[in-house]
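Okay, so here's the structure we're looking at.
The values are calculated or read from the model by the stated rules, or taken from the named source; none is laboratory data. Here the structure is a predicted model, which is why all the values come from computation and not from measurement. Here the Cβ positions follow ideal geometry from the backbone for every residue, glycine too, while neighbour counts run over all protein chains shown. In case anyone asks, the SASA skips ligands and DNA or RNA and just uses the protein heavy atoms, side chains included. Shrake-Rupley method; radii C 1.70, N 1.55, O 1.52, S 1.80 Å.
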Amino acid sequence: MAKQKKSQADKGGLLEQLKVPQGPVDLSTYDTRATPGFTGTKDEGKLALENLGAELSDWQERLFAEGRQDGQRSVLLVLQGMDTSGKGGVIRHGAGLMDPQGLKITSFKAPTPAEKRRGFLWRIRQALPGAGMIGIFDRSHYEDVLIARVRNLVAPPVWNRRYAQINDFEAELAANGVTLLKCFLHISPEEQKVRLQARLDDPTKHWKYNTGDVDERKLWPAYTEAYEAALERCNGPEAPWLVIPSDRKWYRNWAVTTILLETLQSLNPEWPTADFDVDTEKKRLAAT
């Protein structure tokens, strides 16, 4: 997706628009303020997100119901991005449109010593969504080829091996009925600075401010290189990456939610048929 604003997409095509092509990845060619698939205003974008709610909720319930009757399929939405890119915002505004009982949301922090001893994928496996569920990861197994690489938390041969391990893991998930949606929330360093400043200026947002974020900003080129490597080396057909322009919060929220809706539509879960005689049960109920 080069630096250009595309026209309104055909319904059902945003995922394909935002999918990262195979081959080398240069994030400088992706416009963080673009709004591919949407030509309206900010207010229209917010309204469009709200209007997705009823249909998204219906498809989610279908998937959930399928999982209650021997269905094995689930969806895993992976959200990655620099600090302030909006992982929490996507969850609040997108996941907030769905039934909580069909969601499993996991926010991954720094691994504990016990988790480290079990291998970097162990805690990820514990958080996978069950049948009929939509799982959402706020950060993920990709931290182990991002911050681990940038901050030299492990030796280069270790994080280098992890790309192949991640590919094998994601192929295994796909083979077992998990549809992966991997979204890189792409913001510019200028926009991040604005958002960090807004947190400092608002006393009600001070709790969201991390003093370490300024130190991480100094490593922006290294993080960009690490993300480009992850997007290039872990972009298989079972689990392609999507780049979500995220300088505009309203577009980011609409885009990720639209992609989730498109995915549920493509899975096309159907309402399970009754495992009892409906007419008999109606008569029994009427007699009470």
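The table for this structure:
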item: Debye, to nearest 20: dipole size of the chain, +1 on Lys, Arg Cβ, -1 on Asp, Glu Cβ; result: 940
item: Taking the chain and dividing mean pair separation by its residue count, relative contact order in percent (alpha carbons under 8 Å, at least six apart); result: 31
item: Positive-pole candidate from THR35, LEU15, VAL78, dipole of segment 1-127, charges at beta carbon; result: VAL78
item: Gyration tensor (alpha-carbon) shape descriptor, segment 1-153, a/c threshold 1.5; result: oblate
item: Dipole axis of the chain (+1 Lys, Arg; -1 Asp, Glu on Cβ), positive-most option in ALA174, GLN60, LEU242; result: LEU242
item: Estimated inter-spin distance, ALA287 and THR39, nm [label 7 Å along Cα→Cβ]; result: 6.3
item: Charge dipole magnitude, Cβ of K and R +1, D and E -1 - segment 186-265, Cα centre, debye nearest 20; result: 320
item: GNM top mover of PRO272, PRO113, PRO237 - the chain, alpha-carbon springs below 10 Å; result: PRO113
item: Carbon/sulfur fraction of accessible area - segment 10-97, other protein chains in place, 1.4 Å, %; result: 48
item: Sparsely packed GluC sites (Glu not before Pro) within segment 184-248, loop by DSSP, other Cβ within 10 Å at most 15; result: GLU238
item: Cα gyration tensor shape of segment 67-155, rounded if a/c is under 1.5, else prolate or oblate by comparing a/b with b/c; result: oblate
item: Amide hydrogen neighbours beyond the local backbone of LEU180, cut-off 5 Å, H modeled; result: LEU76
item: Heavy-atom accessible area per residue - segment 148-288, 1.4 Å, Å²; result: 52
item: Label-point separation, ALA54 to ARG125 (7 Å along Cα→Cβ), nm; result: 4.4
item: Size of charge dipole - segment 88-147 - debye, nearest 20, with Cβ of Lys, Arg +1 and Asp, Glu -1, no other charges; result: 240
item: At most 10 other Cβ within 10 Å, DSSP loop - chymotrypsin sites (Phe, Trp or Tyr not before Pro), segment 187-288; result: PHE276
item: With DNA, RNA and ligands ignored, accessible area of VAL25 (1.4 Å probe; Å², nearest 10); result: 20
item: Segment 121-178 and segment 9-73: distance between their alpha carbon centers, rounded to Å; result: 22
item: Residues listed by number, segment 177-206, amide nitrogen under 13 Å from ARG217 label point at 7 Å toward C-beta; result: 188-201
item: Karplus 3J(HN,Hα) series, Hz, for segment 85-95 with 6.51 cos²θ - 1.76 cosθ + 1.60 (x for Gly, Pro); result: 5, x, 4, x, x, 4, 5, 5, 8, x, 5
item: Histogram of C-alpha separations across the chain, 10 Å bin width, %; result: 6, 26, 34, 22, 7, 3, 2, 0
item: Residue with peak Gaussian network fluctuation, the chain [Cα springs, cutoff 10 Å], from LEU14, LEU200, LEU49; result: LEU200
item: Calculated SAXS-style log₁₀ I(q)/I(0) at q = 0.10 Å⁻¹ - segment 107-217, Debye, Cα scatterers; result: -0.40
item: Residue (of GLY89, GLY102, GLY119) at the positive-pole extreme of segment 80-148, dipole from beta-carbon charges; result: GLY119
item: Cross-link partners of LYS218 among aspartates and glutamates (Cα-Cα below 20 Å; sequence separation of 8 or more within a chain); result: ASP26, ASP83, GLU143, ASP144, GLU190, GLU191, GLU228, ASP247
